[in-house]
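Only the coordinates and a few stated rules stand behind these numbers; no lab work does. Predicted model, so just to flag it, every value in this text is computed and none were measured. Cβ: placed from backbone, ideal geometry, glycine included. Neighbour counts: every protein chain shown.
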Amino acid sequence: MNNSLYTIKNINNHQFEINKSIFIGRSFKIHSKKEANSRIKEINEEYNDATHNCWAFIQGIKKRSEKYEDDGEPSGTAGKPILNVLKKNKLTNTLIVVTRYYGGIKLGGGGLIRAYSKSAQEVINKSEIKKIVKNSKYKIIVPYDAFDKLENYISNNNIYILKKEFEKDIYLTILIPEESTNEFLMYYKNLVRNKYQPKYIKSVYI
């Protein structure tokens, strides 16, 4: 079973028309429920003349929070379909807002569900999607004469240097993809000849 999660990397929008109603979908990457609420407030203020600003978001990795809003549309015809599209695409840390300008022709419950689902999916299709990877955060010590070799290894193995401190030796804070952690630690210990031990800090999802 594939339990991978994904998120969007960029803000996007997509607009289309159904029976004279205009639907504008927007996608946002979020890092907290507070940020999601702030984005929703911005949209409500910017498009305060819209008939509806419906939305849904999922936030978190290990423990995920989800919320949706129909904003005056019949219950279950707007926010919930948007949320279902997020789930179908295995997205988290993502907010989608769909703005509707009513065109005078009712779409019915089924039509609304299809329209809001389509709007959410289309804006996701336009967004750059990124797999969320579990990383191990470590602090390591490197002698100056070994730094070039280590830096070359790091640059070729998707390892990120978060911080460099130049003292008697070089202190690095790094992020290692979980699947590469054991291999890196073996390489590092051989490089420094077990003179130093890596210090594990925590797991980070990015």
Original post:
Considering the chain as a Gaussian network with a 10 Å cut-off on Cα pairs, which listed residue, 106, 130, 87, attains the greatest mean-square fluctuation?
Top reply: 106
Original post:
What whole-number value in cubic angstrom gives the convex hull volume per residue for the C-alpha atoms of the chain?
Top reply: 138
Original post:
How large is the charge dipole for segment 6-131, taken about the Cα centre, if only the Cβ atoms of Lys, Arg (+1) and Asp, Glu (-1) carry charge, to the nearest 20 debye?
Top reply: 820
**OP:** Obtain the nm distance between the two label points defined at residue 75 and residue 190 by a simple spin-label model: each point lies 7 Å from its Cα along the Cα-to-C-beta direction.
**Re:** 6.4
Subject >> Estimated vicinal HN-Hα couplings, Hz - segment 189-206 in sequence order (Karplus 6.51, -1.76, 1.60; Gly, Pro = x) >> reply: 5, 5, 5, 9, 6, 6, 5, 10, 10, x, 10, 6, 9, 5, 8, 10, 9, 9
**OP:** Among 70, 49, 145, determine the one that fluctuates most according to a GNM of the chain built with springs between C-alpha atoms less than 10 Å apart.
**Re:** 145
Subject >> segment 107-167-segment 185-206 distance, computed between alpha-carbon centres (Å) >> reply: 21
Subject >> Cα-based equivalent ellipsoid, segment 33-140: semi-axes from gyration tensor eigenvalues, Å >> reply: 29, 15, 12
Original post:
How much length is gained on full extension from residue 133 to residue 38, taking 0.36 nm per residue of separation minus their Cα-Cα distance?
Top reply: 31.6 nm
Original post:
Between residue 205 and residue 66, what is the spin-label point distance in nm, taking each point 7 Å from the Cα along the Cα→C-beta axis?
Top reply: 1.4
Original post:
Which residue, 110, 72, 60, tops the fluctuation ranking in a GNM of the chain built on C-alpha contacts under 10 Å?
Top reply: 110
Original post:
Which shape class, rounded, prolate or oblate, goes with segment 111-206 when its Cα gyration tensor gives a ≥ b ≥ c as root eigenvalues, a/c under 1.5 marks rounded, and past that a/b bigger than b/c marks prolate?
Top reply: prolate
**OP:** Sum -39500 (n - 2.57) across every DSSP H segment of at least 4 residues in the chain, then divide by the residue count to get the 222 nm mean residue ellipticity, nearest 500.
**Re:** -9500 deg cm²/dmol
**OP:** Mind checking the full-extension length gain between residue 10 and residue 125? Use 0.36 nm per residue of separation minus the Cα-Cα distance, one decimal, nm.
**Re:** 40.2 nm
Subject >> Likely footprinting exposure, 57, 184, 16, fewest C-beta neighbours within 10 Å first >> reply: 16, 184, 57
